[in-house]
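Every number here is computed from the coordinates shown, using simple stated rules; none is lab data. Keep in mind the model is a prediction, meaning the values are calculated, not measured. A quick note on method: Cβ atoms are made from the backbone with ideal geometry, for glycine too, and the neighbour counts reach across all protein chains shown.
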Amino acid sequence: MKRAIAVGSSALGVAAFAYALAVIGLTNVQQAVARVGWGFAVILLISGLREAAKAAAWTQTLTGTDRLSVFHAFRARMAGEALSALLPMGFLVGEPAKARYVDDRMPFATAFSALMLEYAFYGVSLAVLAGVALVVVAPLRITLAAIVVGAVVLPALKPVRRAMEPLRRFVVQEPMRASTVAALQATYHALAIAETYIALHFLNVAGATWTAAAAFELLNRGVTIAFKMVPMRVGVDEASAALMATHLAINPATGVMLALVRKLRVLFWTAVGLLAIALRAFRRWASTRSSRADRSEEIAQNTRFLTARSLP
């Protein structure tokens, strides 16, 4: 059953990947790569470090005797993120897939609980990032209103309190680990802003500033959350980036190109994730086949032994 699910996920992911690439268009892909040139390799490096930071944060939320290396967490994260990016409402599939990927190293429930705890840290860090961005770019009244809502209204909501309770317990019981996870989340966001700044720089944008990079990244986070039901957020990213570019007095076409560069980065890591899923499925198939061969050989040996004993 597990093997069938793995094969099905791989096939579905490959089909969705091909569809996403077709929708984006090879011409657009070529134009985006031509615009950033060798800077795309820098963007991939930074984005890889971002994903490694998130994977490391996941490993730090595991308590007790269960442990997970950053390498295995990274592969599991890439596998889940590939499904999240390609499938409608992929979050509902991708997050459990990350925990399922490492179920040969620990119980699924343990891995998934740790993953949700890491996600809670991410949510808090994202709120902090939004607050900082509002202070920088938004009018004072909007900033104050957002701070009041975030600091007073949201914590008073029962679902929010329930969701944050595991986070509160972890911070109290594991302060050093909590500090490490918080630092890794901050690193993730800092690298995201750096990645956007590098992309703007290689797109030859005169307005390539750190403030503009932070604004684009915050918008990207918001769009990602709001439009999870749209695979690869095709069309949504381009339109929102163009509007933000106009607001920042940058050519809207540059915003569209920035969104395309991001999509190429997502497609690259999605391909890595699909490869991880395929390799895991192959390893499990090979292991199952080897186990069956061993059992067959054991049965044959027992049969020969019993036959030899029964002969006069």
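Things to note:
- Annotation: the residues Val236, Val181, sorted from fewest to most other C-beta atoms within 10 Å of their own C-beta, follow the order Val236, Val181.
- Charge sum, other residues only, whose C-beta stays under 14 Å from Ile46's C-beta, Lys/Arg counted +1 and Asp/Glu -1: +1
- For Phe268 and Met116, the FRET efficiency from 1/(1 + (r/R0)^6), where r spans their Cβ atoms and R0 equals 35 Å, is about 0.85.
- One decimal place: the segment Val70-Ala186 gains 40.0 nm when fully extended, by the rule 0.36 nm per residue minus the C-alpha distance.
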